[in-house]
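Data block below; observations after.
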Amino acid sequence: MDVAPLSIAVGQPNIQKGDDIVAKETLTNVEKENDKQMTETVHNSAIDPNVGQNLDVVASVQKDKNDAANKQLQRELKWAKDKQQMLNVKEVKLLQMREIAEQGKQLTSLDQKELNRLNDRLGKLSAQVSAIDCESSRTKDGRKLE
């Protein structure tokens, strides 16, 4: 019987195992080297103080612009609410004037005293409406609208 072929057949699995171990070690070494390179890349980029600086400046400027625009819109909203309130008061005064006119139409005979009283009330309301009208036609910086 020939021993050489038998020893080759018996030793073949051991050689295969050795090759697998070498391949696994090589793969593990390559993976470790890749991990090391990635870690170095991350550390090098993290050390650079300029990375992201431009973005921070742009974001800060944009935030300042947004804050300023928000404050301006808040002022304009307050002014619009104030104007609306003035117009509401003006509407009430005009309705009161209409009621006085209706009362005057319903009364067929007015004595001078009653006529003067109604005219005084109308005059006061008219002055108030004119003042409100004048004030509500101004812009938020005090200029008169034309």
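How many residues does region 122-137 hold that are assigned to a helix (DSSP H, G or I) and without any contact (Cβ under 8 Å) to a residue 24 or more places away in the chain?
Total meeting the criteria: 6.
Output the number of the condition that Val51 fails; it satisfies all remaining conditions of (1) touching a helix residue (DSSP H, G or I) at 6+ places or on another chain (Cβ under 8 Å); (2) part of a helix (DSSP H, G or I); (3) at pLDDT below 85.
Only one criterion is unmet by Val51, namely (2).
Against the definition (loosely packed, with under 10 Cβ neighbours inside 10 Å and at pLDDT below 85), how does Ala4 come out, yes or no?
yes
Name the residue that is surrounded by the fewest Cβ atoms within 10 Å (Cβ to Cβ), counting only residues in region 100-136 that are closer than 29 Å to Trp79 by Cα and not hydrophobic (A, V, I, L, M, F, W, C).
The selected residue is Gly123.
The values are calculated or read from the model by the stated rules, or taken from the named source; none is laboratory data. Remember, it's a predicted structure, so these values are computed and weren't measured experimentally. Every residue, glycine as well, gets a Cβ built from its backbone with ideal geometry; the counts of neighbours run over all protein chains shown.
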